[in-house]
Amino acid sequence: APAGVGYVARLRGGTASLGYGRMTVRLARPQQQGWRFAQVSLSLEGRRTQGRPQGAEMLPGTVSYLQGRRPEGWFTGLRRFAEVWSPEVYPGIDLVCRGGRQDPGALEYDFVVRPGARPEQIRLRVAGGVPSLTPNGDLHIHTPAGELLQHRPVAWQETAAGARRLVESRYVAPSGAEGCFGIRVEGHDPRRTLVIDPVLSFSTYLGGSGNDDGADVAVDSQGNSYVTGSTVSTNFPTLNPLQGSLNGGLLSDVWVACFTPAGQLLYSTYLGGNRADH
């Protein structure tokens, strides 16, 4: 494992490595002749402590990785956890990572801000992609392998009655700090614990260098997604194709693709004759 990496999470369209104050996401995009990869790093700028990440809520089963012939390159009996806690990433602030509650292919990470701690300490530095903020407060990171999306964070506190009270929060880009983003929280009670909950998800592009159109999508009882449309691209990315090349010349063929519930491409194919097909 890379130095400083203690845990790995499987995402839709990639993996995330979790270490000391850093999350590295590796994305994969299918192409006609292989895959295109990108690596994006999200690090905690200015963190003051080195709290060791700790697994929590152990899951059943173990995982083994056997690479090469030498046993020193093998990792066996690795335990699985529902959450990974990193204590004191900033004074009074813990970081916890987990799979998405509503979407198993996403990754959630909460900043737990204890009473008296300052949420403005939190700074995320982006490397390996081109970040931008949307008008509604989402953080988009553009990469050659697709788009990484950090939804606008949801922040909340528990009241004395045990109910959750939402607190206004959004990403902000400090002036003079290129590639670095903070989280602005307004109206929270500093005497109570504050939870800031962003969600990290992944979306992929599917297309070639020509005009590609999507027409419809359907989902079966197992959660597989079937997408179809038409294309004039001669380099539309195919995988396990029934028809591996464009038959229409300058005219369009239909394309059909299938994704698993986790976002893995199962197949992508052209479908058409020597005239325009839609």
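The values are calculated or read from the model by the stated rules, or taken from the named source; none is laboratory data. Treat the numbers as computed from the prediction; the structure is a model and nothing was measured. Ideal geometry is used to build each Cβ from the backbone, glycine not excepted, and the neighbour counts take in all protein chains shown. SASA here: full protein model, heavy atoms, side chains in, ligands and nucleic acids out. Shrake-Rupley method; radii C 1.70, N 1.55, O 1.52, S 1.80 Å.
Within the listed set Gln54, Gln243, Gln222, the residue fluctuating most in the Gaussian network model of the chain (springs between alpha-carbon atoms under 10 angstrom) is Gln222.
Taking max minus min of the alpha-carbon positions on each principal axis, the stretch 212-278 gives extents of 36, 20, 15 Å, largest first.
Remark on Gly6: its backbone amide H falls under 5 Å from those of Leu18, Gly19, a criterion applied only to residues 5 or more positions apart or on other chains, H modelled at 1.01 Å from N.
Legend: Rg and Dmax of the chain, from Cα coordinates, 21.9, 71 Å.
With 0.36 nm allotted per residue and the present C-alpha distance subtracted, the Ser175-Thr134 stretch has 13.1 nm of extension available. Given axes a ≥ b ≥ c from the Cα gyration tensor, I'd like to know whether the stretch 139-184 is rounded (a/c under 1.5), prolate (a/b larger than b/c) or oblate. Here the stretch 139-184 falls in the oblate category.
Rolling a 1.4 Å probe over the heavy atoms of the protein chains gives the chain an accessible area of 54 Å² per residue. With bins 10 Å wide beginning at 0, the percent of Cα pairs of the stretch 54-208 falling in each bin runs 9, 31, 32, 19, 7, 1. Across the accessible surface of the chain, with the other protein chains kept in place and a 1.4 Å probe, carbon and sulfur atoms take up 52 percent.
Please name which of Leu239, Ile183, Ser43 has its Cα lying farthest along the dipole of the chain towards the positive end, using unit charges on Cβ (Lys, Arg +1; Asp, Glu -1) and the Cα centre as origin. Projecting each Cα onto the dipole axis, the largest value belongs to Ser43. Let me test this: with uniform point scatterers at the alpha carbons of the stretch 117-263, what is the Debye-based log₁₀ I(q)/I(0) at q = 0.10, 0.13, 0.15, 0.21 1/Å? Here log10 of I(q) over I(0) equals -0.57, -0.78, -0.89, -1.22. Candidates Ser169, Gly210, Val195 compared by Cα position along the dipole of the stretch 66-215: farthest toward the positive end lies Val195, with charges placed on Cβ. Placing +1 on each Lys and Arg Cβ and -1 on each Asp and Glu Cβ, with no other charges, gives the stretch 154-278 a dipole about its Cα centre of roughly 420 debye.
Of Tyr226, Tyr20, Tyr65, which is the most mobile in a GNM of the chain whose springs link Cα atoms less than 10 angstrom apart? Highest fluctuation of the listed residues: Tyr65. GNM on the chain, C-alpha springs below 10 Å: top fluctuator among Ala215, Ala117, Ala56? Taking springs between Cα atoms under 10 Å, the residue moving most is Ala215.
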